[in-house]
Amino acid sequence: MSNTVNKKRKMSKADIAFYTFNSIFMTVFVIVTLYPVLNTLAISFNDGLDALRGGIYLLPRKFSVKNYITVFKKDDLLVGAYISVARTVVGTALSLIACAILAFIVSRKNFLFAKHLSLFWVVTMYVNGGMIPVFLLYKGLHLTNSFWVYVIPGMVSAFNMLVIRTYMNGIPNSFEESAQLDGAGYTTIFLNIISPLCKPVYATVALFVAVYQWNSWFDVMLYNRMSDKLTTLQYELMKLLASVTSQSTSAQSMKNSTSSITPTSIRAAASIVTMLPIICIYPFLQQYFVSGLTLGGVKE
Amino acid sequence: MAQQNKKTLLGMPKDEFIKQVKRQWVLIVWSLFFFAYGILFCYAPLIGWLMGFQQYKPKDGILHSKWIGLAKFQALFSDATYIRVIRNTLAMGVINLVATTIMAILFAILLNEIKGMRKKKVVQTISYLPHFLSWIIVTGILHDALSGAGIVNELLTKFHLVSQPINFFAHEKYFWPIVAFANVWKETGWNAIIYLAAITAIDPALYEAAAIDGAGRWDKIRYVTIPGIKSTIIILLIMNVGNVLNAGFEIQYLLGNGLVQKVSQTIDIYVLKWGISQMDYSLGTAAGIFKSAVSIVLILICNEVAKRHGEERLF
C-alpha cells in the first residue's frame with residue numbers, strides 16, 4: 001500500500017479495468033470454492049426435517065446438534081473412522097519409510113545399480129496390469145478381506161520416490177564422503193546424515209500419502225466389501241450418498257416420519273466430520289506441498 | 001587399450017566390481033527387497049494380461065485355461081457399449097484436461113497480479129481446499145448444489161433464466177460439463193501451484209523493460225508472463241496426455257445413473273462391471289489391456305513430440 005501513490009499516477013484506464021476484473025474474478029472464485037463447504041456445515045447443524053424445506057445458505061435456521069449425535073452413535077461410522085485413522089497412520093508411515101529408503105539407494109552417486117533400479121520403478125508409473133489382474137493377485141495373496149490391502153500394495157510410489165530423490169540429489173556429496181571417512185556405513189548415513197536434511201520433503205510426501213489414504217474408498221469397495229469391520233469413513237459416506245440419491249424421490253414419506261433426522265442431514269454431518277481433519281491440517285503444510293509439487297514437476 | 005578384452009561388469013574390471021559390491025552390500029540387499037516387491041506388486045500383474053487371450057477359469061488358472069486368441073477383443077469391439085465407453089473416456093479426458101489447464105493458468109496469472117501479500121495468501125490457501133476433499137464429498141456437494149431445490153436452480157429461477165428447475169442429472173447433455181466443472185472446481189488451485197512457481201521464476205527485469213516500453217498489465221501478461229511459462233505448460237500438457245484415459249473413474253462412477261449411462265460410463269467402469277461383477281475376467285482384462293496399450297502409445301507419441309520441439313523429455 002505504501003507505493004500506491006506512485007502506482008496510481010501510472011495506472012491507465014486499461015489497468016484499472018484489469019484490476020477490477022481481477023478482483024471480481026477472485027471474489028467469485030472464493031465464493032464458488034467456499035460456499036458449498038459452508039452450506040454443508042450449515043445443514044449439518046440444522047434440524048433435519050426443517051432442512052428439507054430448503055432455503056438454508058450460510059447459517060442454520062433451526063439449530064441442532066442431533067445430526068452429529070446420530071453420526072457418533074452409528075456403529076459402522078465409528079468403525080469406519082477407526083479404520084480410516086489406522087490406515088492413514090500405518091499407511092503413511094510404511095510408505096514414507098519405503099520411499100525414503102528407495103530414494104536414498106537410487107540417489108547414491110556411485111551405487112552400481114542405481115540407474116537400473118530407478119528405471120525399474122519409473123516404468124511402473126506408466127505400465128500396470130490393470131484392475132482384473134491386480135484383483136486376482138491380491139486375492140491369491142490373501143490380501144482381500146484384510147486390512148493390509150490398504151497399506152502394503154501401494155507402499156512404494158514411484159512418483160513420491162522421484163520427489164524425494166530429486167531433493168536428495170540436491171544435497172552435496174561431501175556430507176556422505178566425510179561421514180564415510182569417519183567410518184559410517186550406509187545405514188548411519190541414511191539415518192543420521194541424509195534423513196535429518198530431508199525433513200521438508202518427507203513432510204511433503206507424508207502429506208501426499210496421508211491425503212490419499214484418508215480419501216480412498218474404491219479399494220474398500222473392491223477388496224473388503226464383505227467385511228464390515230474393515231469399512232472406512234469415505235466408504236460409509238458413499239453409502240449414505242447412495243441412500244440420499246435413491247430416497248430423494250421419497251422425501252414426502254420422510255416428512256411424515258417422526259424422526260427429525262434425515263439422510264441428507266446425516267450425510268452433511270458425516271461429510272463435515274470427514275473433511276475436518278484435513279481442513280485443519282493442510283493450511284499449515286502449504287510450504288511443504290508447494291515445494292514438493294515443484295520438485296516433482298521438474299524431475300530430472 | 002589392452003584391458004578392453006578383459007572381462008568387465010557394468011563397465012568396470014571384474015575385481016573392481018567385486019570390491020564395490022562388498023562395499024555396497026547394504027544398498028544391494030535393500031535393492032533386492034525393492035526389486036522383489038516391485039516384481040510382485042507391479043510386474044506380476046502384467047502376467048495376468050495372458051487372461052485376455054484365454055477363456056480364463058479360476059479353477060484352471062492361467063496355466064491350464066483354454067487359449068482363444070483374440071476372440072475376447074473381437075467380442076469387445078463388436079460390442080457397441082465398449083465403443084461408446086472408449087468415446088466417453090476419451091471425450092471426458094480431453095475436455096477435463098483442456099478445461100483444468102486453462103483455468104489453472106488463468107488462475108495462476110491472475111493470482112500473481114493480486115496486490116498485497118496477505119490477500120494473495122488467503123485466496124491461495126482457500127484455492128487448495130477442494131483438492132483435499134475426496135470425490136465422495138465433492139459429488140455429494142454437487143448433488144446438493146444441482147438438485148431441484150439446490151442453489152444453482154434457485155439462482156437460475158430467481159434471475160428468470162429458466163422457468164422451472166432443471167434436473168441436471170437426468171439429461172445426457174449436462175453430464176460432461178458437470179464432470180468438467182467438478183474437475184475444475186477441485187483442482188484449479190492445486191494445478192496452479194506449478195504455473196505459479198514458473199511465473200515467479202520469470203526475470204523481473206523483463207517486466208521492467210516492458211514497463212519502460214509503455215506496456216500495461218494486459219501487455220505484460222501477453223508478452224512476458226505467457227511466453228515465460230510456455231515450456232512449463234507444454235511439459236505438463238504432455239505429461240497429462242498420457243493420463244487422459246486414467247482420468248475416468250471415480251466421479252463418473254459416483255455421479256452416473258441409469259438415465260445418463262450412455263455418456264457417463266468409462267472404460268474402467270466397463271471393466272468393473274464385466275470383470276468384477278459379472279466375473280468375466282478375460283473380457284475385463286482384454287478391455288484393460290486395450291486401455292493400457294492406448295495410454296502407452298499416447299505417452300510415447302508425446303515424448304517424441306517433446307523431443308522434436310526441444311523440450312525436456314519424460315524419459
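The values are calculated or read from the model by the stated rules, or taken from the named source; none is laboratory data. The shown structure was predicted, so the numbers you read here are calculated from the model rather than taken from an experiment. Neighbour counts are summed over all protein chains in view; Cβ atoms, including those assigned to glycine, are modelled from backbone coordinates with ideal geometry.
Quick rundown of the values:
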| item | result |
| --- | --- |
| Near pairs, Cβ below 8 angstrom, 6+ apart or cross-chain, from region A:36-63 (at positive phi) to any residue that is at pLDDT below 85 | A:GLY54/B:ALA149 |
| The one condition in (1) in the same structural domain as B:GLN265 (by TED's automatic domain parsing); (2) more than 17 Å from the chain's Cα centre (by Cα); (3) modelled with pLDDT of 90 or more; (4) of a type outside the set (A, V, I, L, M) that B:TRP218 fails to fulfil | (3) |
| Members of region A:100-117 found to be out of contact with any Lys or Arg (no Cβ under 9 Å at 6 or more places or on another chain) and either surrounded by 16 or more Cβ atoms within 10 Å (Cβ to Cβ) or within 30 Å of A:PRO263 (Cβ to Cβ) (or both), listed by number | A:ALA100, A:ILE101, A:ILE105, A:ARG108, A:PHE111, A:LEU112, A:PHE113, A:LEU117 |
| Residues (in contact with a helix residue (DSSP H, G or I) (Cβ under 8 Å, 6 or more places away or on another chain), of a type outside the set (Ser, Thr, Tyr) and over 18 Å from B:GLU187 (Cα atoms)) located in region B:121-160 | B:HIS143, B:ASP144, B:ALA145, B:LEU146, B:GLY150, B:ILE151, B:VAL152, B:ASN153 |
| Region B:137-146, residues that are in contact with a Phe, Trp or Tyr (Cβ under 8 Å, 6 or more places away or on another chain) and at the interface with chain A (Cβ under 8 Å from one of its Cβ atoms) | B:HIS143 |
| Count - residues of region A:129-165 that are more than 7 Å from chain B (Cβ to nearest Cβ), outside any helix (DSSP H, G or I) and touching a residue at least 24 places away in the same chain (Cβ under 8 Å) | 9 |
| Residue list for region B:59-77, restricted to those being within 17 Å of A:PRO133 (Cβ to Cβ) and within 28 Å of the chain's Cα centre (by Cα) | B:LYS72, B:PHE73, B:LEU76 |
| Qualifying position, being modelled with pLDDT of 90 or more and under 24 Å from A:MET275 (Cα atoms), among A:SER23, A:SER84 | A:SER84 |
| Counted residues, region A:43-66 - those being crowded, with 19+ Cβ neighbours inside 10 Å and under 27 Å from the mean Cα position of the chain (by Cα) | 3 |
| Unique residue being facing chain B (nearest Cβ under 8 Å), among the hydrophobic types (A, V, I, L, M, F, W, C) and under 26 Å from A:THR231 (Cα atoms) when the list is A:VAL30, A:VAL71, A:VAL37 | A:VAL37 |
| Qualifying positions in region A:74-92 - surrounded by 15 or more Cβ atoms within 10 Å (Cβ to Cβ) and under 30 Å from A:ARG165 (Cβ atoms) | A:SER84, A:VAL85, A:ALA86, A:ARG87, A:THR88, A:VAL90, A:GLY91, A:THR92 |
| Number of positions in region A:216-231 that are touching a residue at least 60 places away in the same chain (Cβ under 8 Å) and under 14 Å from the mean Cα position of the chain (by Cα) | 1 |
| Within region A:166-196, considering residues that are surrounded by 15 or more Cβ atoms within 10 Å (Cβ to Cβ) and of a type in the set (A, V, I, L, M, F, W, C), the one nearest to the chain's Cα centre (by Cα) | A:MET168 |
| Filtered residues of region B:166-175 (kept if surrounded by 18 or more Cβ atoms within 10 Å (Cβ to Cβ) and in contact (Cβ under 8 Å) with a residue 24 or more places away in the chain) | B:PHE169, B:PHE175 |
| Residue within region B:118-134 that is free of Cβ contacts under 8 Å to residues at least 60 places away in the same chain, surrounded by 16 or more Cβ atoms within 10 Å (Cβ to Cβ), farther than 30 Å from A:TYR19 by Cα and not hydrophobic (A, V, I, L, M, F, W, C) present | yes |
| Hits in region A:269-278 - residues which are more than 7 Å from chain B (Cβ to nearest Cβ) and either free of Cβ contacts under 8 Å to residues at least 24 places away in the same chain or over 15 Å from A:GLN213 (Cα atoms) (or both) | A:ALA269, A:ALA270, A:ILE272, A:VAL273, A:LEU276 |
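Quick grid of which residues meet (1) in contact (Cβ under 8 Å) with a residue 60 or more places away in the chain; (2) outside the structural domain of B:ALA293 (by TED's automatic domain parsing); (3) under 22 Å from the mean Cα position of the chain (by Cα):
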{"residue": "B:ALA36", "(1), (2), (3)": "no, yes, no"}
{"residue": "B:TRP49", "(1), (2), (3)": "yes, yes, no"}
{"residue": "B:GLY52", "(1), (2), (3)": "yes, yes, no"}
{"residue": "B:TYR56", "(1), (2), (3)": "yes, yes, no"}
{"residue": "B:THR81", "(1), (2), (3)": "yes, no, no"}
{"residue": "B:VAL85", "(1), (2), (3)": "yes, no, yes"}
{"residue": "B:VAL94", "(1), (2), (3)": "yes, no, yes"}
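Each row is one residue, and each column tells you yes or no for (1) in contact (Cβ under 8 Å) with a residue 60 or more places away in the chain; (2) surrounded by fewer than 17 Cβ atoms within 10 Å (Cβ to Cβ).
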residue: B:ARG222; (1), (2): no, yes
residue: B:ILE235; (1), (2): yes, no
residue: B:GLY242; (1), (2): yes, no
residue: B:THR266; (1), (2): yes, no
residue: B:ILE299; (1), (2): no, no
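Per-residue answers, yes or no, for (1) within 11 Å of chain B (Cβ to nearest Cβ); (2) without any contact (Cβ under 8 Å) to a residue 12 or more places away in the chain; (3) over 28 Å from A:GLU236 (Cβ atoms); (4) over 23 Å from the mean Cα position of the chain (by Cα):
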position	(1), (2), (3), (4)
A:TYR82	no, yes, no, no
A:ALA86	no, no, no, no
A:LEU96	no, no, no, no
A:CYS99	yes, no, yes, no
A:PHE104	yes, no, yes, yes
A:HIS116	yes, yes, yes, yes
A:VAL122	yes, no, yes, no
A:VAL127	yes, yes, yes, yes
